[in-house]
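Visitor: Here it is: the structure, laid out below.
The values are calculated or read from the model by the stated rules, or taken from the named source; none is laboratory data. Since we're looking at a predicted model, the values are computed, not measured. So basically every Cβ, Gly included, is an ideal-geometry build from the backbone, and we count neighbours across all protein chains shown.
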Amino acid sequence: MTVRFIGAGPGAADLITLRGQRAVASSPVCLYAGSLVPAELLECCPPEARLVDTASMALEEIVAEMLAAHRAGHDVARLHSGDPSVFSAMAEQMRRLDAAGVPYEVIPGVPAFAAAAASLKRELTVPGVGQTVVLTRTSVRATPMPEGEDLDTLGRSRATMVLHLAVQRVEAVAGELVPNYGADCPVAVVARASRDDEVILRGTLADIADKVRAAGVVRTAVIVVGRVLTASEFPDSHLYSAARCRD
């Protein structure tokens, strides 16, 4: 018996990996967050599978389902939106499975920031403009951020920044970033990236909050900040340069 933490992708059902899809199709138990994981993915489950929506469950209840499946000898597909390596609360589940001696593995998925970049048709690392991407969030209603990971500190590099779980605070976020990035810095907000009802908003730190409010975007969105969003004059990458030695 194995618990498989599976990245379900950013929203579109066909953005799960083949490995993830096969794991779902072979697991008698599937735990998923109904508010984030597309219902179409559940069609991959075996006909008699136990389906458990974890959206309203506490951590101990979720782990109890895994332990019950372990005792019954059933594999578990634990579906997480996006990729489980970031902002998935997977670590505390694995810690409890370690303590209980339950085996598990992780199957990566397409993260929300990658889906957002694809929708924007932008590379987040542009030569001469930005070669670093900071993935972070804010902490008003979530776990407090560690010391030194506040937006002012992170923003001093002026690296491309992607904020999860922050769209409800977009005005405050913009205000905190202006001193380092400038009010004219390009910003994009992508809600429900890759889904049929995707929303893309483009602006600057000066006006993005107004655009978010006007569009009524309040959740399931990422904020992308950085000059790479509008860069057009930049050197070609050395990767494909004719002058590069390929011996």
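Visitor: Being within 17 Å of ALA188 (Cβ to Cβ) and either β-branched (Val, Ile, Thr) or part of a loop (DSSP other than H, G, I, E, B) (or both) is the filter here, so list the residues in region 89-137 that pass it.
Guide: PRO111, LYS121, ARG122, GLU123, LEU124, THR125, VAL126, VAL129, VAL133, VAL134, THR136
Visitor: Kindly provide the set of residues from region 23-59 that are under 21 Å from VAL102 (Cα atoms) and in a helix (DSSP H, G or I), ordered by number.
Guide: Result: ALA23, VAL24, ALA25, LEU59.
Visitor: Listed residues ASP236, ASP184; which is outside any helix (DSSP H, G or I), out of contact with any Cys (no Cβ under 9 Å at 6 or more places or on another chain), closer than 23 Å to GLU123 by Cβ and in contact (Cβ under 8 Å) with a residue 60 or more places away in the chain?
Guide: ASP236
Visitor: If I filter region 118-127 for residues that are touching a Gly at 6+ places or on another chain (Cβ under 7 Å), over 19 Å from ILE200 (Cβ atoms) and in contact (Cβ under 8 Å) with a residue 12 or more places away in the chain, do I get at least one hit?
Guide: No: region 118-127 contains no residue that is touching a Gly at 6+ places or on another chain (Cβ under 7 Å), over 19 Å from ILE200 (Cβ atoms) and in contact (Cβ under 8 Å) with a residue 12 or more places away in the chain.
Visitor: Which residue out of VAL102, VAL126 is over 17 Å from the mean Cα position of the chain (by Cα) and assigned by TED's automatic domain parsing to the domain that holds MET66?
Guide: Going through VAL102, VAL126 in turn, just one is over 17 Å from the mean Cα position of the chain (by Cα) and assigned by TED's automatic domain parsing to the domain that holds MET66: VAL102.
Visitor: So, one more: Among the residues of region 196-206, which ones are surrounded by 15 or more Cβ atoms within 10 Å (Cβ to Cβ) and either among the acidic types (Asp, Glu) or out of contact with any strand residue (DSSP E or B) (no Cβ under 9 Å at 6 or more places or on another chain) (or both)?
Guide: Within region 196-206, GLU198 is the sole residue that qualifies.
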